[in-house]
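We did not get these values from a lab; they are worked out from the coordinates using the rules stated. Since we're looking at a predicted model, the values are computed, not measured. Here the Cβ positions follow ideal geometry from the backbone for every residue, glycine too, while neighbour counts run over all protein chains shown.
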Amino acid sequence: MRQTKGWILLLAVLLSAPGCSRDKGAPSGDTGDAEERAGGEASARANVQQHPIPDAIFVNGHILTLDDSSNVVQAVAVQDGKILATGDDADIRTLADESTKVIDLGGKTVMPGMVDSHSHASLLMKVRNDYVDVHFSTAPDIPAVQKQLADRAKETPPGDFIYAVGSGASAEYWTEKRLPTKAELDAVTTDHPIILLAGMHVAVLNSKALEVLDIKPGKEYQHGSHIFFDGNGVPTGGVGEPIGVFPDLVYDEETCKLNLTERIPDWYLKWGVTSVCDIGVPTPNYDHYRKLAASGINAPLRLTYKVNYESTGKTLPDKDLSELAMPLEADPAFWRLAGIKIWADGEGGANPATAYITGHYEDRPDDRGLINTNQKDLNNAVAHVHKAGLGMFIHSSGDAAQEMVLDAFEYAQKWYPNEAPMVLEHFGVIMGSKEHFERAAELGVYGCIQPFWISTFPANTVTNLGEERAEKVAFHFKDMIDAGLEPAYGSDQTGTQRGDDDTMFSIELMVTRRTAEGDLFLPDQALTIDQALRVMTIWPAKALGEGHIKGSLEVGKYADMVVLSDDIIKVAEADPEKISDIKVLETFVGGESVYQLTQ
Ligand SMILES: [Zn+2]
């Protein structure tokens, strides 16, 4: 990072223009110099017309712009929510007049607002607000889980569903080291259907839920979910990929409004996230959000959508997809459709993993995971979306799925070349080979990574893939960058884990590589702090097709900024394990303060 006067070009143009009354005076203080302006109303008007007066200037800061040269400046000027100029205090102050608000940053470090390009924001709000919390940190054993469920049953009308959620690692962390059984859930209630989620990929149902959802003996796949049976072909209550049997992923409009005006901003702004991409949104919810957008409501942060479609792409609207566009009345600064999300394969982080891989899983010679589509359907789906100029975002966790998705992107790019984002969700996290990184870079494809998983998934990955392969392909974030990729942050929050919302911790993990068990996992894949900050800001902005308006603090971009308690560069150099102690003090969206740390 280096100090610069990168904005000086802009100012030189401003000052050389005729009618500018600012070319004589030295910087004139926070409120401007009235005498100088008294030079004539006509001249002042000319000045206003040619050189917008900033609404606000932010001075006395240590501002990490994260522009291409990682320039650091003292001050920025903001007008209409966008950055007008960046530079030294003295120079930026000369742009202001008495109408300009002056924000003294007190020497604090400021970084661009963070962009979470893969976050299940709406689902997360449901899980954390409506579901019974049986995470092992609040319910350490099965009797505690039963007690939480019984309490909820008392206040729930008979027949209504009860949802409960633990973490994906629940089975390892509950005292019994297993999930509750159907019988243990039946012991709580037979009047209410119960769906207990252990992460988003495994669930246990009680008998009432099996009955209500019409899950029959003997049929392995029902409603798109994987049903488990005992030796007699009777459902055990266990369900894989249970999202298929959820009756309640769809919200009413009122809840969507509550999400976007209160819950989502409350959740993300405290972590310095100013742009959230709600991924995998079912179309009924997306329609509610579009209606709200058209009504003129804006959230205090920027929302982007990746609308969910069935994995083969066959349920995509078959014309030009323009029916999915955000309504014309929506403010494009706050509402965007990024494109379409589909699932190519299973989950690399699940236990056991179901990502579609070459070869087979360690100790499971017949198992190479699940693929949800075939090459022909995938090619057609990607080409269809590409033709419409929308972004295509494909869950592809295993290397065999990644190969298919890269083939599909190459196919689409050949027939309908365009600039819309092409993203492999989870690329390079559980798996990603050097060869695929290079191919993706050549195709202009992005990889969306989950830095938090460095903490939680390496041990599981070693078990699933075997040590040698895991070390070759898992969490190779530095290799991605060396191959020319710009990995993009996505928290992938669904509400089932703890800590995956903490942006400072995610940055720390990329720099330290410290796992939850305390080991350093492939420390030679550690990123520099500058790279880690880019993963959180400019690269996800680009992966959403928003790099020209977000992700760095440069002239013309939104003034989305985060004030930190400490100089993150210095902390990273001195002791990177302390990065997560850094606090977000204040968050600005479009130059407006939208969050302040209170204690
Ligand atoms: Zn996800």
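Please list the non-local residues whose amide H lies under 5 Å from the amide H of LYS82, H modeled 1.01 Å from N, same-chain partners needing a gap of 5 or more.
Hits under the 5 Å cutoff: ALA559.
Could you please state, rounded to a whole Å, how far the C-alpha centre of segment 132-155 is from the C-alpha centre of segment 461-526?
Spelled out, the Cα-based centre of one part sits 31 Å from the other.
Quick check: from the Cα gyration tensor, does segment 123-245 come out rounded (a/c under 1.5), prolate or oblate?
Judged from the Cα gyration tensor, segment 123-245 comes out rounded (a/c under 1.5).
At 0.36 nm per residue, and after removing the present C-alpha to C-alpha distance, how many nm does the segment from THR261 to TRP415 gain when stretched out fully?
Computed gain between THR261 and TRP415 is 51.3 nm.
7 Å from Cα along Cα→Cβ at both ASP482 and ASP160: what's the point-to-point distance in nm?
The modelled label-to-label distance comes out at 5.6 nm.
What whole number of Å gives the distance from the Cα centroid of segment 173-208 to the Cα centroid of segment 241-269?
Taking the Cα centre of segment 173-208 as reference, the centre of segment 241-269 is 23 Å away.
Taking the Cα-to-Cβ direction at ASP524 and at ASP287 and moving 7 Å from each Cα, how far apart do the two end points lie in nm?
Spacing of the two 7 Å Cα→Cβ label points: 5.4 nm.
Taking only Cα atoms, what is the 0 to 90° angle, nearest 10, from helix 283-294's long axis to the longest principal axis of the chain?
20
Could you tell me whether segment 451-545 comes out rounded, prolate or oblate from its Cα gyration tensor? Rule is a ≥ b ≥ c as square roots of the eigenvalues, rounded for a/c under 1.5, then prolate if a/b exceeds b/c, otherwise oblate.
It comes out oblate by the Cα gyration axes.
For segment 285-344, what is the convex hull volume of its Cα atoms per residue in Å³?
Given the Cα convex hull of segment 285-344, per-residue volume reads 85 Å³.
Would you please state which residues of segment 294-310 a label at ASP130 would reach in this model, taking the label point 7 Å out along Cα→Cβ and a backbone N cut-off of under 20 Å?
Within reach of a label on ASP130, which here means backbone N under 20 Å from a point 7 Å along Cα→Cβ, segment 294-310 contributes 306-309.
Taking a point 7 angstrom from the Cα of ASP366 along the C-beta vector, which residues in segment 206-234 have backbone N less than 20 Å away?
Output list for this probe position: 218-222, 226-234.
For LEU316, enumerate residues with amide H under 5 Å from its amide H, sequence gap 5+ or separate chain, H modeled in the peptide plane.
Amide H neighbours of LEU316, under 5 Å, 5+ apart: none.
For segment 126-228, which trypsin sites (Lys or Arg not before Pro) are in a loop by DSSP, counting at most 16 other Cβ atoms within 10 Å?
LYS177, ARG178, LYS219
Pop out the ³J(HN,Hα) list for segment 409-422 in order, Karplus 6.51 cos²θ - 1.76 cosθ + 1.60 with θ = phi - 60°, rounded to Hz; leave Gly and Pro as x.
Values, residue by residue: 5, 5, 4, 5, 5, 5, 8, 10, x, 7, 9, 5, x, 10 Hz.
For the pairs LYS434/LYS478; LYS270/LYS550; LYS472/LYS542; LYS101/LYS557; LYS306/LYS542; LYS270/LYS341, flag any whose C-alpha to C-alpha distance is greater than 22 Å.
LYS472/LYS542; LYS270/LYS341
Using each residue's phi in segment 208-214, evaluate 6.51 cos²θ - 1.76 cosθ + 1.60 at θ = phi - 60° and report the 3J(HN,Hα) Karplus result to the nearest Hz, with x for Gly and Pro.
Per-residue couplings from phi come out as 4, 5, 4, 5, 5, 7, 6 Hz.
Pop a pseudo-label 7 angstrom from the Cα along the beta-carbon direction at both ASP566 and ILE297 and give the gap in nm to one decimal.
About 4.0 nm separates the two model spin labels.
Within 14 Å, Cβ to Cβ, of LYS154, how many net charges do the neighbouring residues add up to if Lys/Arg are +1 and Asp/Glu are -1?
Surrounding charge for LYS154 is -2.
Tell me which residues come under 5 Å, amide H to amide H, from GLY391 once H is placed; ignore anything under 5 positions away on its chain.
GLY339, ILE340
Apply the Karplus parameterisation 6.51 cos²θ - 1.76 cosθ + 1.60, with θ equal to phi minus 60°, to every residue of segment 475-486 and state each ³J(HN,Hα) to the nearest whole Hz, in sequence, with x for glycine and proline.
Whole-Hz 3J(HN,Hα) from phi for segment 475-486: 6, 8, 5, 5, 4, 4, 5, 4, 7, x, 7, 10.
So what is the calculated 222 nm ellipticity per residue for the chain, using -39500 (n - 2.57) for each DSSP H run with n of 4 or more, over all residues, to the nearest 500 deg cm²/dmol?
That calculation yields -8500 deg cm²/dmol at 222 nm.
How tilted is helix 434-443 with respect to the longest principal axis of the chain? Cα atoms for both, answer in degrees (0 to 90, nearest 10).
Taking Cα atoms only, the helix is inclined about 50 degrees.
In this model, which of LYS291/LYS314; LYS216/LYS314; LYS154/LYS219 are farther than 31 Å apart at the alpha-carbon?
From LYS291/LYS314; LYS216/LYS314; LYS154/LYS219, over 31 Å: LYS154/LYS219.
Between SER99 and ARG498, what length in nm is gained on full extension when 0.36 nm per residue of separation is reduced by their alpha carbon distance?
Value of the extension gain: 139.2 nm.
What does the C-alpha gyration tensor say about the overall shape of segment 319-442? Classify as rounded when a/c is under 1.5, otherwise prolate if a/b is larger than b/c, or oblate.
Since a/c reaches 1.5 and a/b is larger than b/c, the shape of segment 319-442 is classed as prolate.
Computed over the Cα atoms, what is the radius of gyration of the chain divided by 2.2 N^0.38 Å, N being its residue count?
Cα Rg divided by the expected 2.2 N^0.38 Å: 1.03.
As a footprinting exposure proxy, order CYS256, CYS277 by other Cβ within 10 Å, with the fewest listed first.
CYS256, CYS277
Could you give the angle, 0 to 90 degrees to the nearest 10, between helix 503-512's Cα long axis and the longest principal axis of the Cα atoms of the chain?
The two axes meet at around 80 degrees.
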